[in-house]
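One structure is given below, encoded as structure tokens.
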Amino acid sequence: MARYGMVMNVKTCLGCKACMAACSQWNQTPFWAEDGGKWRTRVTELQEGKFPEVKREFFPTICMHCVNPPCHSVCPTGATYINKDGIVLIDYDLCLGCGYCIEACPYDARYEYEKEDLEKDEFYFGEDARHHQVHVDKCTFCVDRLAEGEEPSCAATCVGHARIFGDLDDPKSEVAQLVNSGKAKPLGEYMGAQPKVYYIK
Amino acid sequence: MDLVQQHTWGWFIAIYLYLGGLGGATLALGILGELRFNKSKWFGIGTSLLGLAILSFGLIWLVLDLLNPLRFLLAFWVKGIAHSWIARGMVIIMGAYIFGLVYAVAAFFEWTTFKKWMGYAAMFCGFGVTTYTGLLLNANVGIPFWHTPALPVLFTVSAFSTGCAMIMWVLAGKNDHESEHFFHAVEGFDIFLISLELLIIFAYFDFARLGNAAVMKSAHLLLANPLFTIGFISLGLVAPLILEAYASMKENSKGLAAFASALVLIGGFLLRYLIVWAGVFQYPHGLAG
């Protein structure tokens, strides 16, 4: 039993979006969707400051795998659940598709995997298609890769070491040290969801 | 901080929230009329079935809003009842159907004591339906305009106001003594409810004026929308309040009250639609780009 978390180092994110590519290929998220696709993880480009004191920053986001997740609180059927390692997951067979969790998530981590997305998934991935029914989708910390001892695909592919994944309960892990030292802090603490993804800004 | 207007929920959810509240309130007020205002058994049966029919029509829109409407049966799998207002709502709605229908049967066969208890249970569930529609939106912590304890109160008051309007319509054509008595009781109750609704709306916007950025944005969206200022506030609240207050002081003024009721019914829908529309997420900076 672990307590998995991630640290995002905004200072070292290059904005290459390899994490988005890796995630979308591994998890078959609808990169084909209109308005820039649907993603489990995103890197947004921020323009900070005003000319001439202006700089561009890349901001990686993902499901925060909260300790007290609002999405879990509102799910009527129990489709959203928290596994023994503290990862917030969705049982697709139980997902009603009401969208309540999408509305409840204060971190914009969820999206609808719609009928047309299923068709495209089969078109692009053929027999390897992983989505077979409409459901709400979100990051799973690549729970299938963890089971085989591998890191989530986004962290494994990150060239800038901007995504650091590990067990927050293991004091020797890099994530635990960054979090315990106070260097990495969660986003939107005031909302009370207690996220397990932390940011170094 | 990034402020983003929500787009996941729209017309369909607004229609459901409106009809759910209206149906629940019609059920509760109709049975109240039969049990406590000496209205006939047919009035009790008719209004309870009318309330359930309105609720059923609303539920159709809720099902149509699902990603795959055919999966609606999963809604009966209420495993999340300990924390989810959709799951709790399902149980309350089922209670309204069961007790409402049993009440109607008991009223038909005139099983007096049994009818009374089933009627009270149905009224309780009808009240629950009106309240839960507000609590449903209230649970969305990322949308501060919804995440306030005032919203369930506002929706409950509005639902009962529209319920009163529906009951007044049902009673408008009847001239017997009990109908007159109940009509005026409902009319008075509606005047109180509309006044209360205006107070809650005022408190809501005063809170928004002092409140956080997302609440302010929601309030600005509403105040800049003529559907809200002219449609809901002027024609859906102030006009029916004046008309009903005037009608309550005059004899033979049921037509005027019925017209005011139509405005209340339209206003009730506008309120649900506009509150859903004006939901603004308050994301931590960076999330929305």
message = Looking at chain B as a GNM with Cα springs under 10 Å, which of B:His184, B:His83, B:His220 has the largest mean-square fluctuation?
response = B:His83
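Taking the Cα centre of the protein assembly as shown as the origin, how large is its charge dipole in debye, to the nearest 20, when only Lys and Arg (+1) and Asp and Glu (-1) carry charge on their Cβ atoms?
820 debye
Could you tell me the number of lysine pairs in segment B:1-120 with C-alpha atoms less than 17 Å from each other, where the two lysines are 8 or more residues apart or belong to different chains?
Working: B:Lys39/B:Lys115; B:Lys39/B:Lys116; B:Lys41/B:Lys115; B:Lys41/B:Lys116.
So the count of such lysine pairs works out to 4.
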inquiry  = Please compare each pair in B:Lys217/B:Lys254; A:Lys38/A:Lys196; A:Lys55/A:Lys196; A:Lys172/A:Lys201; A:Lys84/A:Lys185 to a cut-off of 31 Å on the Cα-Cα distance and tell me which ones are over it.
reply    = B:Lys217/B:Lys254
task = List B:Tyr97, B:Tyr18 from most exposed to least, where exposure is judged by having the fewest other Cβ atoms within 10 Å.
result = B:Tyr97, B:Tyr18
query = Projected onto the charge dipole of the protein assembly as shown (+1 at Lys/Arg Cβ, -1 at Asp/Glu Cβ, origin at the Cα centre), which of B:Thr131, A:Ala33, A:Val10 gives the Cα projection farthest towards the positive end?
reply = B:Thr131
query = Against the longest alpha carbon principal axis of chain B, how many degrees, from 0 to 90 and to the nearest 10, is the axis of helix B:150-172 turned?
reply = 30 degrees
request  = Using the charge dipole of the protein assembly as shown (Lys, Arg: +1 at Cβ; Asp, Glu: -1 at Cβ; taken about the Cα centre), state which of A:Thr80, B:Phe232, B:Ala104 has its Cα farthest towards the positive end.
outcome  = B:Phe232
key: Vicinal HN-Hα couplings computed from phi for segment A:119-128 (Karplus, 6.51 cos²θ - 1.76 cosθ + 1.60; Hz; Gly/Pro x)   = 4, 5, 4, 5, 5, 7, 10, x, 5, 7
For A:Tyr113, distant residues with modelled amide H under 5 Å away = A:His135, A:Val136, A:Asp137
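Which whole-number percent is the relative contact order of chain B (Cα, under 8 Å, 6+ apart)? The partial results should precede the final answer.
Working: 446 pairs, mean separation 80.1, N = 289.
This gives 28 percent for chain B.
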inquiry  = Using the Karplus curve 6.51 cos²θ - 1.76 cosθ + 1.60 with θ = phi - 60°, what ³J(HN,Hα) values do you get for each residue of segment B:107-124, in whole Hz, with x for Gly and Pro?
reply    = 5, 4, 8, 6, 7, 3, 5, 4, 4, 4, 5, 5, x, 5, 4, 5, 4, 4
note = Ordered by fewest other Cβ atoms within 10 Å, a rough proxy for footprinting exposure, A:Lys172, B:Lys174, B:Lys115 read A:Lys172, B:Lys174, B:Lys115
message = To make sure I understand the rule: partners must be aspartates and glutamates, Cα under 20 Å from the Cα of A:Lys183, and not fewer than 8 residues away in the same chain. Which ones qualify?
response = A:Glu57, A:Asp167, A:Asp169, A:Asp170, A:Glu174
request  = Please list the non-local residues whose amide H lies under 5 Å from the amide H of A:Tyr4, H modeled 1.01 Å from N, same-chain partners needing a gap of 5 or more.
outcome  = A:Leu168
query = Given Cα pairs under 8 Å that are at least 6 residues apart, what percent is the relative contact order of segment B:225-274?
reply = 52 percent
request  = Starting at the first residue of segment A:48-57, write each ³J(HN,Hα) from the Karplus equation 6.51 cos²θ - 1.76 cosθ + 1.60 with θ = phi - 60°, in whole Hz, x for Gly and Pro.
outcome  = 9, x, 10, 4, x, 8, 10, 9, 9, 10
request  = Name the long-range amide H neighbours of B:Asn212: under 5 Å, sequence gap of 5 or more, or other chain; modelled H, no Pro or chain starts.
outcome  = none
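Just so you know, all these numbers are worked out from the coordinates, no wet-lab data involved. It should be emphasised that the depicted structure is a prediction, and the values quoted were computed from it without experimental measurement. Glycine gets a Cβ as well: all are built from the backbone with ideal geometry, and neighbour counts include every protein chain shown.
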